[in-house]
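Right, one structure below, let's go through it.
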């Protein structure tokens, strides 16, 4: 089995010859590994299983100093967070869409790497990435505090905004599924360390209907559907499974009992993540990292798991711990 086939088997909760993995890196961690391996081709050294296609952040453009502007026009300050940044200003200072024009979802840049990527790395599981896909895109345009108040003060505006964002994503997805991809991956953080940012009733009323519309594109076209949502959100799993979710990321052990959830949802939901990036990777020993990895690898040998750090590895992770993670996943027995 090649990498693509192994990931598909894991997604389908079938027996796997080994547990597939995907190790994401921040810029600092990538530079650390590049020095360690003596090569800029860190992805080849990691031997990851996903081929990430599209552009989840939306083609940042220079905007002076250490700021960049994304495809929707949002200004991001990257002076501290070099990977994503912090939103500055509001494109929607009032609860009104009349003065804002959504960009073209079919911009050729979102699809330019698909054919070449498949040609060069077609043995990997092919993932089209939609970042900031609903709630996150809404608050980057409107502002977090303003959007949370709008749920109560301007509910029709919230519905209109979320519907417009979902329409944009659906148009882009319908173009993406024309290619031989395997999965549509959404990025949309809903959680805190405890519970949902907006609470379950508001999530169900406002976000769920648009998620259902978006996930339907994957379901109807036979693609896997995956979501990244940081935080304590496992209360949503039954709803998400009901509308077609196949895979959940990042599966944070700091806020979830990962082994209990693997057992509870076996056969219904695949998990992608599981390795602690708040405790074990930055503060544990290499033996702690190996122990946590091996425990999850054992739990995932019957499918249902793509092993990964619960966040792109940060610059505070010691090289010895990162090397222990890589060595443990790469040296599983393979048949």
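Any read-out appearing in this document is the output of simple, stated calculations on the displayed coordinates, not a laboratory observation. These figures come from a predicted structure and were not determined experimentally. As a convention, Cβ positions derive from the backbone with ideal geometry for all residues, glycine included, and neighbour counts pool all protein chains shown.
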Alpha-carbon centroids, region 259-316 and region 20-36: separation in whole Å: 17 Å
Cα centroid separation - region 91-161 against region 187-237, whole Å: 14 Å
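Can you give the FRET efficiency for residue 212 and residue 174, using 1/(1 + (r/R0)^6), R0 = 22 Å, r = Cβ-Cβ distance, to the nearest 0.05?
Numbers: r = 16 Å, r/R0 = 0.73.
About 0.85, to the nearest 0.05.
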Cα gyration tensor shape of region 248-335, rounded if a/c is under 1.5, else prolate or oblate by comparing a/b with b/c: oblate
Percent RCO, i.e. relative contact order, over region 3-330, from Cα pairs under 8 Å lying at least 6 residues apart: 22 percent
Inter-site label distance for residue 44 and residue 108 at 7 Å from Cα along Cβ, in nm: 2.9 nm
Mean Cβ neighbour count within 10 Å, used as a protection proxy, ranking 103-111, 167-175 highest first: 167-175, 103-111
For the chain, share of DSSP beta bridges that run antiparallel, in % to the nearest 5: 25 percent
Fraction of beta bridges assigned by DSSP in region 108-250 that are antiparallel (%, nearest 5): 10 percent
CD proxy at 222 nm, helix term only [per DSSP H run n ≥ 4: -39500 (n - 2.57); per residue of the chain; nearest 500]: -11500 deg cm²/dmol
For region 132-223: relative contact order, % (alpha-carbon pairs under 8 angstrom, 6 or more apart): 41 percent
